[in-house]
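The values are calculated or read from the model by the stated rules, or taken from the named source; none is laboratory data. It should be emphasised that the depicted structure is a prediction, and the values quoted were computed from it without experimental measurement. Note: ideal-geometry Cβ built from the backbone for every residue, glycine included; neighbour counts use all protein chains shown. Just the protein is used for accessible areas: all its heavy atoms, side chains included, with ligands, DNA and RNA removed. Shrake-Rupley method; radii C 1.70, N 1.55, O 1.52, S 1.80 Å.
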Amino acid sequence: MSDRKIIANCTLATPLGNSAKKGKEMKELRVLHDAFVFIEDGIIKATGQMQDLEILGLSGTADWIDAKGRVVLPGFVDSHTHLVFGGFRPDEFEWRLKGDSYMSIMQRGGGIQSTVNATRETSKEDLVRRAEWFIDRMVEMGVTTVEAKSGYGLDLDTELKMLEALDELAKKEDKKIDLIATFLGAHAVPKEYEGRTGEYCDFIINEVLPKVKDKAEFFDIFTEKNVFEIEDSRRLLQAAKDAGMKLKLHADEIVQLGGAELAAEMGAVSADHLLHVSDEGIARMAEAGVVATLLPLTAFALKEPYAPARKFIDGGCAVALATDLNPGSCFSGSIPLTIALACIYMKMSIEEVITALTLNGAAAIGLADSIGSVEPGKKANLLILDFDNINFLPYYVAMNCVNTTIWHGKTVYERKEIR
């Protein structure tokens with residue numbers, strides 16, 4: 001017997017379509033008042049206004065969830081995280097408060113290498129257990145799909161261990177979220193290859209890629225000055241592309257290096273960070289259809305200028321938003337703070353922010369045809385807010401407005417209603 005549900009008496013707000021929304025399209029939400037969503041076996045079968053239920057013959061055939069006028073949105077997609085890692089780095093946060101830069105901390109043995117050392121020593125079981133705690137927090141904030149990267153091993157065994165931990169999380173019987181794995185072996189040059197970046201690239205291409213290409217959908221790289229510069233990045237990305245992997249880049253985060261242009265050249269699905277992107281890079285990304293994944297929490301934590309969201313949107317790009325949860329530069333997975341920063345400091349409208357966290361986030365991980373909007377045929381990944389107006393998302397500043405999270409038609413988080 002099929003599992004049927006009706007979310008009734010809601011205010012439905014959703015972008016529409018099976019691909020990323022670009023430029024002005026990002027403001028276009030379908031908003032229906034006195035609406036319903038009909039779900040069968042975890043798939044959205046119909047949406048409309050309550051008066052249509054009788055006409056469609058759906059009334060009385062399903063379990064009802066009465067939204068009482070509150071907003072229903074697509075589940076949030078966190079399309080850039082470093083969910084699996086060993087160790088924490090609170091001391092580095094204090095160093096940054098005293099004026100040390102991200103790159104100077106990295107050069108003195110902190111930064112990514114610090115987490116690499118800890119992750120190499122952490123068991124797969126402990127990696128899974130810690131990630132589950134973070135996943136529970138994500139679900140409470142309405143996240144139903146998350147991208148998660150390796151990249152804290154920088155050797156074959158640890159990179160495989162991280163990807164195996166992600167695979168175990170993705171296959172758990174009691175899971176509450178969909179996981180998309182990305183291989184980020186080119187996150188930094190490990191100490192054992194210091195001064196020999198080209199040899200480390202050879203190692204990734206010849207020894208690591210053949211063993212990870214079927215364990216992750218995406219290949220990512222930290223394209224940055226004094227890390228992987230343009231020529232090494234191009235060589236690694238081409239090897240990954242030849243191996244059948246889809247491409248992502250950490251681009252133009254610390255300095256303007258041309259990472260955005262390289263992402264367009266290589267046909268990457270997304271380029272991320274982009275704090276110091278050039279105007280030419282924006283134009284090329286727009287032309288190539290590369291999603292610009294912006295990470296305001298990282299800029300906030302590093303006290304850096306925010307990525308130029310308005311330039312991207314006004315230039316015809318598709319913009320996604322994500323948290324960049326990681327143990328160093330951004331120890332936060334806060335969707336509410338992401339929304340606040342995007343609206344207040346990046347001058348995005350709430351409609352653009354919703355699109356960026358749903359349909360465009362889905363496009364950034366190649367899933368816009370199955371998630372990211374509330375329309376028939378897509379997975380029933382939804383959330384119900386505490387309020388009846390989408391403007392509460394930025395107005396209730398950096399606080400969680402999510403009352404109920406629904407994943408594949410199942411309620412995976414619910415809290416008491418506001419009185």
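Residue under question is residue 311, and the condition is that it be more than 20 Å from the chain's Cα centre (by Cα), charged (D, E, K, R) and within 28 Å of residue 116 (Cα to Cα); does it hold?
For residue 311, the condition - more than 20 Å from the chain's Cα centre (by Cα), charged (D, E, K, R) and within 28 Å of residue 116 (Cα to Cα) - is not met.
For the stretch 288-313, name all the residues that are touching a helix residue (DSSP H, G or I) at 6+ places or on another chain (Cβ under 7 Å) and farther than 17 Å from residue 357 by Cβ.
Answer for the stretch 288-313, where residues must be touching a helix residue (DSSP H, G or I) at 6+ places or on another chain (Cβ under 7 Å) and farther than 17 Å from residue 357 by Cβ: 288, 290, 302, 305, 311.
Criterion first (outside any helix (DSSP H, G or I) and either at pLDDT below 95 or under 25 Å from residue 103 (Cβ atoms) (or both)) does residue 304 satisfy it?
So residue 304 passes the test.
Which members of the stretch 50-77 meet the condition of being part of a loop (DSSP other than H, G, I, E, B), surrounded by fewer than 15 Cβ atoms within 10 Å (Cβ to Cβ) and among the hydrophobic types (A, V, I, L, M, F, W, C)?
Result: no residue meets the conditions.
When you scan the stretch 187-229, how many residues do you find that are touching a helix residue (DSSP H, G or I) at 6+ places or on another chain (Cβ under 7 Å), under 28 Å from residue 367 (Cα atoms) and surrounded by fewer than 22 Cβ atoms within 10 Å (Cβ to Cβ)?
5
Pull out all pairs, ordered by first then second residue, where Cβ-Cβ is under 7 Å, the residues are six or more apart or on different chains, the first lies in the stretch 24-49 and is in a strand (DSSP E or B), and the second is aromatic (Phe, Trp, Tyr).
Short answer, once both residue conditions are applied: 45/38; 46/38; 47/36; 48/36.
Assess whether residue 240 counts as being small (Gly, Ala, Ser), at pLDDT 95 or above, part of a helix (DSSP H, G or I) and crowded, with 22+ Cβ neighbours inside 10 Å.
Taking the combined requirement at face value, the residue satisfies it.
Across the stretch 265-281, which residue is farthest from the chain's Cα centre (by Cα) among those that are buried (at least 24 other Cβ atoms within 10 Å of the Cβ) and among the hydrophobic types (A, V, I, L, M, F, W, C)?
Looking at the filtered set, the residue picked out is 277.
Provide a single number: the residues in the stretch 282-324 that are aromatic (Phe, Trp, Tyr) and either open to solvent by 50 Å² or more (accessible area, probe 1.4 Å) or within 18 Å of residue 334 (Cα to Cα) (or both).
Total satisfying the criteria: 2.
Only residues in the stretch 55-79 that are over 18 Å from residue 406 (Cβ atoms) count as the first member; pair them with residues that are open to solvent by 50 Å² or more (accessible area, probe 1.4 Å) and not small (Gly, Ala, Ser), Cβ under 7 angstrom, at least 6 apart or cross-chain, and list the lot.
Pairs found: 61/4.
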